[in-house]
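Here is the structure we will look at, set down as structure tokens.
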Amino acid sequence: MKIKRNKKANSCLHFNHTQHLLKCKRSQGVMGMPFSVIFSILLIVFIIVIATIVIKAFLDYQSCSQIGLFISDFRTEVNNAWNSQSASYTFTSTMPRGIDYVCFVNMTRNIKDSDPDWVPIFEDVKWTGVGDDVNMILYPYKKACKLGFIEVRHIRLPERNPFCIEPRDGKINIKIEKTFEDPLVNIIE
């Protein structure tokens with residue numbers, strides 16, 4: 001005897017057993033999308049996330065490089081001024097975003113004639129355990145790629161303690177001066 005099958009039993013709406021389920025187009029993916037499309041979307045999202053992480057790492061590396069170049073160039077300019085008979089000029093360098101102040105401090109002295117905005121900087125740095133040889137601070141030091149505390153030789157610090165300079169438009173300008181009688185290079189306010 002021959003069994004008659006109706007068309008409704010073969011459609012995707014009525015699953016009689018697993019063989020029909022596997023043949024059905026609806027079983028290929030969520031909302032009718034095949035697995036390959038879902039996998040492609042996930043792969044694109046993964047690539048975008050990885051690209052974002054890599055770009056951020058390169059931008060952080062650029063920022064740390066700018067700080068390192070600033071420190072190196074500033075030390076070189078101070079040494080050049082110290083080795084010369086006299087010098088008077090403004091040192092200009094780029095400073096990455098995130099560094100609010102370049103401060104010259106004497107950690108062995110107390111606060112003296114300082115701007116009220118700079119007093120919290122001195123107090124914050126004082127409790128970090130930084131050595132007495134540090135005389136230049138990039139603040140906030142946590143954003144300075146572990147280069148926030150610097151010793152610059154051959155400089156005479158200003159009378160104000162601390163003395164801070166704020167970068168403007170990504171540039172920092174520090175006035176350097178040395179006369180014939182000066183044994184050290186002066187940082188001018």
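The values are calculated or read from the model by the stated rules, or taken from the named source; none is laboratory data. Quick caveat, the model's predicted, so the values are computed rather than measured. Glycine gets a Cβ as well: all are built from the backbone with ideal geometry, and neighbour counts include every protein chain shown.
A few comments on the model shown:
- Neighbours by Cβ (under 7 Å, 6+ apart or cross-chain): first from the stretch 175-189, touching a residue at least 60 places away in the same chain (Cβ under 8 Å); second polar (S, T, N, Q) and surrounded by 13 or more Cβ atoms within 10 Å (Cβ to Cβ): Glu177/Asn186; Lys178/Asn186
- Qualifying residue in the stretch 128-138 (condition: exposed (fewer than 12 other Cβ atoms within 10 Å of the Cβ), in contact (Cβ under 8 Å) with a residue 24 or more places away in the chain, touching a Ser or Thr at 6+ places or on another chain (Cβ under 8 Å) and in a strand (DSSP E or B)): no
- Just one residue in the set Thr52, Thr76 is surrounded by fewer than 12 Cβ atoms within 10 Å (Cβ to Cβ), farther than 14 Å from Glu151 by Cα and modelled with pLDDT of 90 or more; that residue is Thr52.
- The residues of the stretch 153-162 that are surrounded by 14 or more Cβ atoms within 10 Å (Cβ to Cβ) and either at negative phi or aliphatic (A, V, I, L, M) (or both), listed by number, are Ile155, Arg156, Leu157, Pro158, Arg160, Asn161, Pro162.
- The single residue among Ile172, Ile176, Ile188, Ile165 that is modelled with pLDDT of 90 or more, surrounded by fewer than 19 Cβ atoms within 10 Å (Cβ to Cβ) and among the aliphatic types (A, V, I, L, M) turns out to be Ile165.
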